[in-house]
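The values are calculated or read from the model by the stated rules, or taken from the named source; none is laboratory data. Given the structure is predicted, the values throughout are model-derived calculations rather than measurements. Cβ sites come from the backbone with ideal geometry, for glycine too, and all protein chains shown count toward neighbours. Surface areas here come from the heavy atoms of the whole protein model, side chains and all, with no ligands, DNA or RNA. Shrake-Rupley method; radii C 1.70, N 1.55, O 1.52, S 1.80 Å.
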Amino acid sequence: MVRDLFRKNNKNKKYATIPTEKAKNDVPEGIMMKCPECRKNVFTKDLMKNLKVCPSCDHHMKMTAYERVEIFLDENTFESMDDHLQTDNPLNFPSYSEKIKSDAKKTGLNEAVLTGTGEIDEQKVVVAIMDSHFRMGSMGSVVGEKITRAVEKATELQVPFIIFTASGGARMQEGVLSLMQMAKTSVALRRHSDNGLLYISILTHPTTGGVSASFASVGDINLAEPKALIGFAGRRVIEQTVREKLPKDFQTAEFLLDHGQLDAVIERKDMKETVSSLVKMHERKEVTTW
């Protein structure tokens, strides 16, 4: 009798059902994305409405440089700079030139940073936005040159300079030339500061290596997105060096805020309003002489 019950329940399940090619194609590609943090699926349309922030765990996903421009600057005010600069292969590193061309085609950028002028709530600024989709946002000679020129442009126009950092550090394929960009960009920023001008650094996930040790950390105001990975050396290297177990939240934006390296951790949806307020507070006024 018991055997009959099992036979009854399974009589229509003798064979596994394999979906046809037509059924597979009924779901359009890219309609859903999986959060890299909580691993939950979310509709791409809903994710984009939420500025690429996971609604389940609040993980701030990586953005392209052009996506940043769209949500941060006033509409149709951005004018790109130095798109003609091209990366060379000074060390003849194997396949380096081919990888650069591939990333340029994929991202629409000439290098891992997009620079230009724009407005934020009708306030003129110069921005540099690093894109981790291009060689993991690594800093090569052209990246350093573009950022330096952007800082110099801000100094020339007497307006604030704002940068969004997202990088794996200095680019190994260019050796010491990439490390030289740390000093070059920092000198340009010092000249900008000597003119009494504002520099806001916004650190996003991830900001590491030579970038975190140079222009990313020397802003007049340092901001970061929630849970962003920020640090110089890797966690394992540090633990082996100091021979101590590091806190679980080590090298997160919240950890650095607690220890004084950041001024604030700002949600992506509030970033434009926050930066706009800071720019307005630091607006240079004409001095009246009596």
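Remarks
- Test for residue 185: is it in contact with a Lys or Arg (Cβ under 9 Å, 6 or more places away or on another chain), closer than 18 Å to residue 167 by Cα and touching a residue at least 24 places away in the same chain (Cβ under 8 Å): no
- For the condition at pLDDT 95 or above, open to solvent by 20 Å² or more (accessible area, probe 1.4 Å) and under 21 Å from residue 229 (Cβ atoms), residue 172 does not qualify.
- Each residue in segment 182-208 was checked for being assigned to a helix (DSSP H, G or I) and open to solvent by less than 10 Å² (accessible area, probe 1.4 Å), and 3 pass.
- Any hit, segment 152-159, residues being at negative phi, more than 18 Å from the chain's Cα centre (by Cα), in contact (Cβ under 8 Å) with a residue 60 or more places away in the chain and crowded, with 17+ Cβ neighbours inside 10 Å: yes
- Number of residues in segment 67-106 that are more than 15 Å from residue 131 (Cβ to Cβ), loosely packed, with under 13 Cβ neighbours inside 10 Å and out of contact with any Ser or Thr (no Cβ under 7 Å at 6 or more places or on another chain) equals 9.
- Helices (runs of 4 or more DSSP H) within segment 1-112 that include 1 or more residues closer than 26 Å to residue 139 by Cα and modelled with pLDDT of 95 or more: 65-72, 96-107
- Residue list for segment 209-227, restricted to those being aliphatic (A, V, I, L, M) and either touching a Leu at 6+ places or on another chain (Cβ under 6 Å) or open to solvent by 10 Å² or more (accessible area, probe 1.4 Å) (or both): 213, 216, 218, 221, 224
- Close pairs (7 angstrom Cβ cut-off, 6 or more residues apart or separate chains): touching a residue at least 60 places away in the same chain (Cβ under 8 Å) and farther than 19 Å from residue 164 by Cα in segment 95-123, assigned to a loop (DSSP other than H, G, I, E, B) and open to solvent by less than 70 Å² (accessible area, probe 1.4 Å) anywhere: 96/89
- A single member of 196, 210, 231 is farther than 19 Å from residue 139 by Cα, among the small types (Gly, Ala, Ser) and out of contact with any Pro (no Cβ under 7 Å at 6 or more places or on another chain), and it is 196.
- Matching residues, segment 156-188, being more than 23 Å from residue 87 (Cα to Cα) and of a type in the set (A, V, I, L, M): 157, 159, 162
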